[in-house]
Amino acid sequence: MSLLMSMFGTAVFAADTYENPTNDQPATAYYKTQGQIFGGYLMANDYDWYRFTTSNTASQTISFAPSDNQSYRILVFENPNSGNGPLAMLSVSNSAGSYQSLQFSAVAGKEYYVLVTSGGPLSGIPHYSLYIANQ
């Protein structure tokens, strides 16, 4: 059993329910609760947006686990429409079966946005798991 499957199980790799309706823009970001593990599929020219509200002022951890060795980027924004850059960014490649994490300083009660996108051309329709820790 791969590390990815032992950490996240197989249930997170069901059909990508986040594409209907789409979550391709900050305005349609899918709301997630801290402490949840969830998954999605990423297609060519796809952007998967999620949002969550922090419960504590602390260092926030977000973990990403791809199912393959392609390249991905995970970015965190406080307000993606402000024109300001991301608060944190993680580039992942050659990481099938393992997870990578990023951290950023979060403020209690604030809403944050997470963007999952490819770090280059994608082959197939790869799936991933994302975990927003409950700090």
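The values are calculated or read from the model by the stated rules, or taken from the named source; none is laboratory data. What you are looking at is a predicted structure, and each value in this text was computed from that prediction instead of being measured. Note: ideal-geometry Cβ built from the backbone for every residue, glycine included; neighbour counts use all protein chains shown.
Please go through the range 35-46 and give me each residue that is in contact with a Phe, Trp or Tyr (Cβ under 7 Å, 6 or more places away or on another chain) and surrounded by 18 or more Cβ atoms within 10 Å (Cβ to Cβ), ordered by number.
The initial filter retains those residues of the range 35-46 that are in contact with a Phe, Trp or Tyr (Cβ under 7 Å, 6 or more places away or on another chain), namely 37, 39-40, 42.
Listed by number, the residues that qualify are 39, 40, 42.
Is the range 42-57 home to any residue that is more than 17 Å from residue 96 (Cα to Cα), of a type in the set (A, V, I, L, M) and in a strand (DSSP E or B)?
no
Say whether the condition of being buried (at least 18 other Cβ atoms within 10 Å of the Cβ), in contact with a helix residue (DSSP H, G or I) (Cβ under 9 Å, 6 or more places away or on another chain) and of a type in the set (Phe, Trp, Tyr) is met by at least one residue in the range 54-76.
Looking through the range 54-76, none of the residues is buried (at least 18 other Cβ atoms within 10 Å of the Cβ), in contact with a helix residue (DSSP H, G or I) (Cβ under 9 Å, 6 or more places away or on another chain) and of a type in the set (Phe, Trp, Tyr).
Enumerate the pairs (first residue in the range 74-97 and over 21 Å from residue 110 (Cα atoms); second residue anywhere and of a type in the set (A, V, I, L, M, F, W, C) and loosely packed, with under 15 Cβ neighbours inside 10 Å) with beta-carbon separation below 7 Å, excluding pairs fewer than 6 apart on the same chain, so at least 6 apart or on different chains.
Pairs found: 97/3.
With respect to residue 14, determine if the residue is modelled with pLDDT under 70 and touching a strand residue (DSSP E or B) at 6+ places or on another chain (Cβ under 8 Å). Explain how you work it out, then say what you get.
Details: modelled with pLDDT under 70: yes; touching a strand residue (DSSP E or B) at 6+ places or on another chain (Cβ under 8 Å): yes.
Spelling it out, residue 14 is indeed modelled with pLDDT under 70 and touching a strand residue (DSSP E or B) at 6+ places or on another chain (Cβ under 8 Å).
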